[in-house]
Amino acid sequence: MQVPLLDLKSQYNSIKPEIDEAISRTVETQNLILSQEVSDFEKEIAEYSGVPYTAGVASGTDALILALKAIGIGSGDKVITTPFTFFATGEAISMLGGIPVFVDVDPETFNIDPKKIEEVLEKEQGKGAKAIIPVHLYGQCADMDSIVAIADKYDLKIVEDCAQAIGATYKGRQAGSFGSAGCLSFFPSKNLGGFGDGGMVVSTDLAVIDKIKSLRVHGSRRKYIHDELGWNSRLDSLQAAVLRVKLKKLNEWLDGRRRNAEKYDQALSSLGIVTPKVDEGNVHTYHQYTILVDSRDDLMEYLDSKGIAARVYYPVPLHLQPCYQFLGYSEGSLPVSEELSKKVLSLPIYPELTDEKTNYIIENIANFFKNREN
Ligand SMILES: Cc1ncc(COP(=O)(O)O)c(C=O)c1O
């Protein structure tokens, strides 16, 4: 049996008539960039996320860059974030000339550890930091009560990296609604994925979104008049049209992911495997279902040999990336992230995964451990 990590073809097949209609409707208009389709989608995401203002941009990475720029991050500004994330989180800080200050994560939730944020802010390394980017990794919100309290105490702005967490809630509030801005990615593999790149910034602050709406079109609010330098970072209408169809299904798909997670939780914890911890107050969206295994690479190879695609997110934490050598971190600097990068393994969790396939995965994980005992 073959089990891919994600099955976008079967997702497409389940909504093909609506998607095809949305695409042909958009093609007929030939309004292909920042059209009515995009502003309708912006309104729908605002409603879904419980925030009043939104701006569609070209990717999740651009959402981070433009949000940081909009809150005033620039050359030499320190920004606190986690090293245990996709590279774009750190890259966005650096592309504006900012300095990422990496803070280690909680070993159970994999999200930035608030206690360690405070420690770093009290040291030379973090003194004077301007902002913090909590990443809601794998679809679970970071400890936002603590992060908001620290941000208030040290006068830090918060930009939430919600690339993996659309629909996740923390104490009843949606990811992206806690800070100055929340950044979404619509990369095809995301829980709400387009047919190409796309992203959005959500915010409770009109001034932030107004600024981003200028930055995304070359720093312009009036045609051919440029108040500032900006980017070309616009969400296109075809992506918006596709995403509008998919948004209607999102909650149902997230429920499907949670159902699969429950099955894994039960079966895998009885095998003594460390399954994802859902922190109090959180509703997880399981963008990834990630277990911790000492013999991770062997298990991944074994599953591959059985046709099961399990993958590692992420094998090298940001502070150990070659391009960040100049920051002066080394092996041992952020031990929790380093250990996690050697042990994490994400299993297929997509909502279309059948019981037959889930059982096949569980069975093969059990066989792997049984074979090792013998
Ligand atoms: C945590 C995180 N941040 C940022 C991004 C960047 O998003 P995009 O690929 O849409 O640029 C991603 C996704 O790839 C991500 O997982």
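Nothing in this text is a laboratory measurement; each read-out follows from the coordinates by a stated rule. Note that this is a predicted model, so its numbers are computed, not measured. FYI the Cβ positions are ideal-geometry reconstructions off the backbone, even for glycines, and counts take in every protein chain you see.
Here the translational diffusion coefficient of the stretch 86-214 follows from Stokes-Einstein with Rh set to the Kirkwood radius across Cα pairs; for 20 °C and 1.002 mPa s it amounts to 141 µm²/s. Each part gets one Cα centre, and for the stretch 216-247 versus the stretch 269-323 those centres are 35 Å apart. For the stretch 72-139, applying the loop criterion from DSSP together with a ceiling of 12 other beta carbons within 10 Å to the trypsin sites (Lys or Arg not before Pro) yields LYS123, LYS127. Ordered by the count of other Cβ atoms within 10 Å of each Cβ, fewest first, GLU373, GLU228, GLU280 give GLU373, GLU280, GLU228. Sequence-ordered 3J(HN,Hα) estimates for the stretch 38-47 from the Karplus curve with 6.51, -1.76 and 1.60 and θ = phi - 60° stand at 5, 5, 5, 5, 4, 5, 5, 5, 4, 5 Hz, glycine and proline given as x. Between GLY60, GLY307, GLY199, the GNM of the chain built on Cα springs shorter than 10 angstrom shows GLY307 fluctuating the most. Normalised size of the stretch 111-153, defined as Cα radius of gyration per 2.2 N^0.38 Å with N residues, equals 1.15. Pairs of C-alpha atoms in the stretch 198-270 farther apart than 15 Å represent 70 percent of all such pairs. I want to verify the translational diffusion coefficient of the stretch 144-230 in µm²/s; compute it with Stokes-Einstein, Rh as the Kirkwood radius over Cα pairs, at 4 °C and 1.567 mPa s. Roughly 90 µm²/s, to the nearest whole number. Of all beta bridges that DSSP places with both ends in the chain, some 65 percent have antiparallel geometry.
Take the Cα of GLU44, step 7 Å along the line toward its Cβ, and report every residue of the stretch 168-196 whose backbone nitrogen sits under 19 Å from that point. Under cut-off, by backbone N: 168, 184-196.
Could you sort out which of LYS16/LYS213; LYS9/LYS246; LYS306/LYS370 sit more than 21 Å apart by Cα distance in this structure?
On the way: LYS16/LYS213 32 Å; LYS9/LYS246 14 Å; LYS306/LYS370 15 Å.
Beyond 21 Å between Cα atoms: LYS16/LYS213.
Annotation: aspartates and glutamates with alpha-carbon distance below 19 angstrom to LYS249 (same-chain offsets under eight excluded): ASP7, GLU18, ASP20, GLU21, GLU37, ASP40, GLU42, GLU44, GLU47, GLU352. Packing-based ranking of 20-30, 288-298 yields 288-298, 20-30, ordered from highest to lowest mean Cβ neighbour count within 10 Å. Per-residue extension of 0.36 nm, minus the Cα-Cα distance of GLN325 and LEU229, leaves a gain of 31.6 nm for this segment.
Centre-to-centre, using Cα atoms only, the stretch 70-123 and the stretch 151-206 are separated by 16 Å. Here the translational diffusion coefficient of the stretch 250-373 follows from Stokes-Einstein with Rh set to the Kirkwood radius across Cα pairs; for 37 °C and 0.692 mPa s it amounts to 207 µm²/s. Using Cβ point charges alone (K and R +1, D and E -1), the dipole size of the stretch 258-315 about the Cα centre works out to roughly 260 debye.
What Kirkwood hydrodynamic radius do you get for the stretch 8-247 when you take the inverse of the mean 1/r over all pairs of distinct Cα atoms, in Å?
About 18.1 Å, per the Kirkwood formula over Cα pairs.
Think of it as helices only: each DSSP H run of n ≥ 4 in the chain is worth -39500 (n - 2.57), and spread over all residues that comes to -12500 deg cm²/dmol at 222 nm. Amide H to amide H, with H built 1.01 Å from N, LEU5 comes under 5 Å of ALA309, counting only residues 5 or more places away or on other chains. Short-range pairs are left out: with C-alpha atoms under 8 Å and at least six residues apart, the relative contact order of the chain is 21 percent. Pull out a ≥ b ≥ c, the square roots of the eigenvalues of the alpha-carbon gyration tensor of the stretch 70-126, then state rounded if a/c is under 1.5, prolate if not and a/b is larger than b/c, and oblate in the remaining case. Judged from the Cα gyration tensor, the stretch 70-126 comes out oblate (a/c at least 1.5, b/c at or above a/b).
Structure remark: mean-square fluctuation, Gaussian network model of the chain, C-alpha springs under 10 Å; the largest value among ALA129, ALA181, ALA163 belongs to ALA129.
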